[in-house]
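**Student:** Can you read through this structure? Questions will come right after.
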Amino acid sequence: MTQKTTESNDKILSADTILTQWSKTYNPDGKPDWSHIFPYYDQTIVFHDSIQKIEGFEKFEAMCNRLTKRCKSLDMQLKHVVMKDNIIFMEWKMTMSFRMFPKKPIFGSSRLTLNDEGKIIEQRDYYDLWGDIYDGIPVWRRIYRWFMRTFFG
């Protein structure tokens, strides 16, 4: 696939663009701002993670805004970003805190699929939400890890 420019900001979406633009999105001491990366998403975006599946840009934007309201702080460190053909894959560490809870890291990865215009038409996030949360709670950590080993491992 030939990389093309996105209409709204005239920049090529590449692994380097993801690394620089997505790194500006998050704030370790405050709320994230996605406004500069929204132009990279197609109106027909399908977003899917461990919690939900969302179809359409308006619903995707609303989900991002809900997360902003709920989090006291949200930081994401990109570890690796690679691109092959129309797929961008990134590994990340997201640290978030909610109202009265301490900051908690969640480790995961995302697969972005680009259309012929170079816009993101699908984002699939992979992470173990409950494992990363329960690992920070001594009693629950043991119960959860026992349960996972016993029934799935």
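**Student:** All but one of (1) surrounded by fewer than 16 Cβ atoms within 10 Å (Cβ to Cβ); (2) within 19 Å of residue 129 (Cβ to Cβ) hold for residue 85; state the number of the condition that does not hold.
**Tutor:** Going through (1) surrounded by fewer than 16 Cβ atoms within 10 Å (Cβ to Cβ); (2) within 19 Å of residue 129 (Cβ to Cβ) one by one, residue 85 breaks only (2).
**Student:** Within the stretch 98-110, does at least one residue satisfy the condition of being at pLDDT below 95, of a type in the set (A, V, I, L, M, F, W, C) and within 12 Å of the chain's Cα centre (by Cα)?
**Tutor:** The answer is yes, given that some residue of the stretch 98-110 is at pLDDT below 95, of a type in the set (A, V, I, L, M, F, W, C) and within 12 Å of the chain's Cα centre (by Cα).
**Student:** Any chance the stretch 36-46 includes a residue that's touching a residue at least 12 places away in the same chain (Cβ under 8 Å), loosely packed, with under 14 Cβ neighbours inside 10 Å, closer than 21 Å to residue 19 by Cβ and out of contact with any Gly (no Cβ under 6 Å at 6 or more places or on another chain)?
**Tutor:** Yes.
**Student:** Go through the stretch 110-132 and report how many residues are aromatic (Phe, Trp, Tyr) and either over 18 Å from residue 18 (Cβ atoms) or outside any strand (DSSP E or B) (or both).
**Tutor:** 1
**Student:** Residue 74 fails exactly one of the following numbered conditions: (1) at pLDDT 90 or above; (2) surrounded by 15 or more Cβ atoms within 10 Å (Cβ to Cβ). What is the number of that condition?
**Tutor:** If we test residue 74 against (1) at pLDDT 90 or above; (2) surrounded by 15 or more Cβ atoms within 10 Å (Cβ to Cβ), just (1) comes out false.
**Student:** Here's another thing I want to ask about it. Can you spot a residue in the stretch 136-152 that is small (Gly, Ala, Ser), exposed (fewer than 13 other Cβ atoms within 10 Å of the Cβ), at pLDDT below 75 and not in a strand (DSSP E or B)? Walk me through it before giving the result.
**Tutor:** Residues of the stretch 136-152 small (Gly, Ala, Ser): 136.
Filter once more, keeping what is exposed (fewer than 13 other Cβ atoms within 10 Å of the Cβ): none.
No: the stretch 136-152 contains no residue that is small (Gly, Ala, Ser), exposed (fewer than 13 other Cβ atoms within 10 Å of the Cβ), at pLDDT below 75 and not in a strand (DSSP E or B).
The values are calculated or read from the model by the stated rules, or taken from the named source; none is laboratory data. Computed from a predicted model, the values in this text were never measured in an experiment. Note that we place each Cβ from the backbone using ideal geometry, even for glycine, and neighbour counts take in every protein chain shown.
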